[in-house]
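Novice: What follows is a structure written as structure tokens; I'll ask about it next.
None of the figures in this text is laboratory data; all of them are computed from the coordinates on show. Just so it is clear, the structure is predicted and the values come from calculations on it, not from any experiment. Here the Cβ positions follow ideal geometry from the backbone for every residue, glycine too, while neighbour counts run over all protein chains shown.
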Amino acid sequence: MSDPGGKLWAVIVLVGAANYLTRLSFIELLSRRSVPPLVATALRYVAVAMLTALVLPMVLATPAGLALAGNPRVPAAIVAGVVAYFTRSMPWTLAAGMGALWGWQAVLG
């Protein structure tokens, strides 16, 4: 190996440039077009779907696999969801979810 650091930086720069150009191409191509109403409606739900896809496996995963029973994260997530629905406040949601998680962990041992 002559210069592993130089190759690494070259790969990082090339991948970053490819990523930037790919994103820029879609912005440039679609910036002058209007989005159909059906697509605009569907795009409103993309963030919620992605957040759900990221959070749900973390809530359900245990060392033994996916589990609902005996998993303190499930009731904590439900508490956080209810608080988020009624308060629409991130600090209250985090406080309620973490409080419920710590409470359930203390109860379940």
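Novice: 222 nm [θ] for the chain, helices only, -39500 (n - 2.57) per DSSP H run of 4+, per residue, to 500? Intermediate results must be reported in sequence, preceding the final value.
Specialist: On the way: 5 runs with 83 residues, N = 109.
-25500 deg cm²/dmol, from helical runs alone.
Novice: Something else: Among L60, L38, I12, whose Cα lies farthest out toward the positive end of the dipole of the chain, if unit charges sit on the beta carbon of Lys, Arg (+1) and Asp, Glu (-1)?
Specialist: It is L38.
Novice: If you take the square roots of the eigenvalues of the alpha-carbon gyration tensor of segment 1-75 and sort them as a ≥ b ≥ c, do you get rounded (a/c under 1.5), prolate (a/b over b/c) or oblate?
Specialist: Here segment 1-75 falls in the oblate category.
Novice: Just want to confirm a number: the relative contact order over the chain, from Cα pairs under 8 angstrom separated by 6+ residues, in percent.
Specialist: Relative contact order of the chain: 16 percent.
Novice: Which peptide among 13-26, 92-105 comes first, and what is the full order, when sorted by highest mean count of other Cβ atoms within 10 Å? Numbers along the way, then the final one.
Specialist: Values: 13-26: 9.9, 92-105: 15.6.
Taking the mean over residues of other Cβ atoms within 10 Å, the ranking is 92-105, 13-26.
Novice: Can you compute the charge dipole magnitude of the chain about its Cα centre, using +1 on each Lys and Arg Cβ and -1 on each Asp and Glu Cβ, nothing else charged? Give it in debye, rounded to the nearest 20.
Specialist: Charge dipole of the chain: 300 debye, to the nearest 20.
Novice: So what are the three principal axis dimensions of segment 47-108 from its Cα atoms, in whole Å, longest to shortest?
Specialist: For segment 47-108, the Cα spread along each principal axis is 33, 28, 13 Å.
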